[in-house]
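Here the structure comes first, spelled out in structure tokens, and everything after it is commentary.
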Amino acid sequence: MSLDLDAKKTLLRKIPHGLFICGVREGDEVNGFTASWVTQGSFEPPMVVMGVRADSTSHGIIERTGCFSLNVLRADQKDLAAVFFKPQKAMGGRFEAAPFQEGELGLPLLDDAIGGVECSVIGKVKHGDHTVFVAEVKSARLLADGEALNLASTGWNYGG
Ligand SMILES: Cc1cc2nc3c(=O)[nH]c(=O)nc-3n(C[C@H](O)[C@H](O)[C@H](O)COP(=O)(O)O)c2cc1C
């Protein structure tokens, strides 16, 4: 069987995605990155599934600490999403553009967003260039409900 790479790319890019800021913490250090490969995985217990680049800083932190937060951005927060995928001077530096508070698990929850959840990892599939983490939602903080940012509206691509 041969994989048609152009067809694969076109088709996989049809999967709709939101855009989130994933937050991590290890000791006194926090970090955050823009994540789009996120979906819900179970009602009860509530679970989410996220694909994380194996060579990213945050990947190692999630593996070692077993938890992460997901902040849901408003539709008008595209600029902030861009801050969180660009290189930073030092780990956690991206949060200079986005003040946060610690949630119940100590993870970064943005002050300006629709809200955020904190998640505890219960399983992972490590294969290829991303690791798929499955995690249970342990806390949820809703700040102000509204329309969320999605990948299609930005003109960016991550996938294919
Ligand atoms: C539109 C867009 C969506 C992205 N989605 C993801 C994602 O779902 N998972 C991921 O690991 N990286 C994703 N990235 C890449 C990370 O944001 C980027 O690699 C970041 O620099 C990682 O930060 P870190 O090394 O400090 O952890 C995305 C990038 C862009 C531009």
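Where a number appears in this text, it was derived from the coordinates with a stated rule and is not lab data. In this text the structure is predicted, and so the values were computed from the model without any measurement. All Cβ positions, even for glycine, are placed from backbone atoms using ideal geometry, and neighbour counts span all protein chains on display.
Mind checking the full-extension length gain between residue 112 and residue 126? Use 0.36 nm per residue of separation minus the Cα-Cα distance, one decimal, nm.
Full extension of this stretch gives 1.8 nm more.
Take the alpha-carbon centre of the stretch 89-122, take the same for the stretch 1-77, and report the distance between them in whole Å.
14 Å
Is the stretch 40-94 best put as rounded, prolate or oblate by its Cα gyration tensor, with a ≥ b ≥ c the root eigenvalues, rounded for a/c under 1.5, and otherwise prolate when a/b is larger than b/c, oblate when not?
oblate
Can you give the calculated 222 nm mean residue ellipticity of the chain, where each DSSP H run of n ≥ 4 adds -39,500 (n - 2.57) and the sum is split over every residue, rounded to the nearest 500 deg cm²/dmol?
Value at 222 nm, helices only: -4000 deg cm²/dmol.
Classify the stretch 71-160: rounded, prolate or oblate, from the alpha-carbon gyration tensor (a ≥ b ≥ c, eigenvalue square roots; a/c under 1.5 rounded; otherwise prolate if a/b is larger than b/c)?
Judged from the Cα gyration tensor, the stretch 71-160 comes out rounded (a/c under 1.5).
Using the Karplus equation 6.51 cos²θ - 1.76 cosθ + 1.60 (θ = phi - 60°), what ³J(HN,Hα) coupling, rounded to whole Hz, does each residue of the stretch 102-110 give in order, writing x for Gly and Pro?
Running phi through 6.51 cos²θ - 1.76 cosθ + 1.60 with θ = phi - 60° gives 7, x, 4, 8, x, 8, x, 10, 5 Hz.
Compute the length gained on full extension between residue 104 and residue 76: take 0.36 nm times their separation in residues and subtract their Cα-Cα distance, giving the result in nm to one decimal.
Extra length from residue 104 to residue 76 when fully extended: 7.4 nm.
State which entries of 86/126; 14/89; 86/124; 89/138; 8/126; 78/126 exceed 28 angstrom in Cα-Cα distance in the structure shown.
Distance filter (> 28 Å) returns 14/89; 89/138; 78/126.
Counting other C-beta atoms within 10 Å, and keeping those with at most 12, which DSSP coil trypsin sites (Lys or Arg not before Pro) do you find in the stretch 54-133?
89
Once the piece of chain linking residue 53 and residue 5 is laid out straight, how much longer is it, given 0.36 nm per residue of separation minus the C-alpha distance between them?
That pair, residue 53 and residue 5, stretches by 15.2 nm at full extension.
For the stretch 11-74, take N as its residue count and report Rg(C-alpha) divided by 2.2 N^0.38 Å.
Working it through for the stretch 11-74, the quotient is 1.18.
Among 2, 153, what is the fewest-to-most ranking by other Cβ atoms within 10 Å?
2, 153
How many times 2.2 N^0.38 Å is the alpha carbon radius of gyration of the chain?
1.02
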